[in-house]
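Novice: My questions all concern the structure below.
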Amino acid sequence: MFTITAFVACSGANQLSTNPADLQGDWQLTSMDGSQVQMSENYTVSFNTDGTVAGKADCNYFTGEYSASEGGSVSMNGVSTTKVNCSSNSMSNSYLNAVSGSQSFQVRGKNTLTLNTGSAQLVFSKVMSEEG
């Protein structure tokens, strides 16, 4: 007689979600089109429960509205931004174009968000609150 033992890896940390509720919260950009982002705290996005979106794009700020649906589709509307001229090495314009042009999202393990535009990919880390 022999025993078969199966090991099941805990997939919670890597579980993919396209639930719009998992999109909500504050996110900080970690990579854009596969390249690590320097000064990532200057590139953020917040998806709020009331359907509004806001964030920082280096020296500029943006606001607007978003809609997301189960299955991972997302769209932004009415995005407006400040028009400060950032430094010559800023990604402000390309980041704003990518975020506002997002078409789909995926959340991995509740702490990594990927937004896709069809031509660009943005990866974010969840910003944990300092409460409690």
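Every read-out reported here was derived from the displayed coordinates using simple, explicitly stated rules and does not represent laboratory data. Being a predicted model, the structure only gives us computed values, none of them experimental. Cβ sites come from the backbone with ideal geometry, for glycine too, and all protein chains shown count toward neighbours.
Novice: Roughly what would the spin-label model give for residue 97 and residue 121, points 7 Å off Cα along C-beta, in nm?
Specialist: Calculated label separation equals 2.0 nm.
Novice: Under 18 Å from the Cα of residue 126, which lysines turn up, not counting those fewer than eight places away in the same chain?
Specialist: List returned: 56, 110.
Novice: Whose amide H sits under 5 Å from the amide H of residue 110, counting only residues 5 or more places off or on another chain, with H placed in the peptide plane?
Specialist: Residues meeting the criterion, in which the H sits 1.01 Å from N, do not exist here.
Novice: Also, quick follow-up: Quick check on packing: order 63-70, 42-49 by the mean number of other C-beta atoms within 10 Å, highest mean leading. Mind dumping the intermediate values first?
Specialist: Details: 63-70: 15.5, 42-49: 18.6.
Listed from highest to lowest mean packing, they are 42-49, 63-70.
Novice: Ranking request for peptides 115-122, 85-92: highest mean number of other beta-carbon atoms within 10 Å first, then the rest in descending order.
Specialist: On the way: 115-122: 16.4, 85-92: 12.6.
In decreasing order of mean packing, 115-122, 85-92 become 115-122, 85-92.
Novice: Can you give the helix-only mean residue ellipticity at 222 nm for the chain, where every DSSP H stretch with n ≥ 4 adds -39500 (n - 2.57) and the sum goes over all residues, rounded to the nearest 500 deg cm²/dmol?
Specialist: Details: 2 runs with 13 residues, N = 132.
The per-residue figure over the chain is -2500 deg cm²/dmol.
Novice: Which cross-chain or sequence-distant (5 or more) residues have an amide H under 5 Å from the amide H of residue 58, H modelled 1.01 Å from N in plane?
Specialist: 43, 44
Novice: Between residue 104 and residues 5 or more places away or on another chain, which pairs have amide H atoms under 5 Å apart, with H built 1.01 Å from N, and which residues are they?
Specialist: 74, 116
Novice: So, one more: What is the sum of charges around residue 82, taking Lys and Arg as +1, Asp and Glu as -1, for the other residues whose C-beta is under 15 Å from the C-beta of residue 82?
Specialist: Numbers: positive: 56, 83; negative: 58.
Result for the local shell: +1.
Novice: Given charges of +1 on the Cβ of Lys and Arg and -1 on the Cβ of Asp and Glu, with all other atoms neutral, how large is the dipole of the range 16-126 about its Cα centre, in debye to the nearest 20?
Specialist: On the way: 5 positive and 8 negative charges, 27 e Å.
Charge dipole, the range 16-126, about its Cα centre: 120 debye, nearest 20.
Novice: Report P(r) for the range 16-126: all Cα-Cα distances, bin width 10 Å, range 0 to the bin holding the largest distance, values in whole percent.
Specialist: P(r) over the range 16-126, rounded to whole percents: 16, 54, 28, 3.
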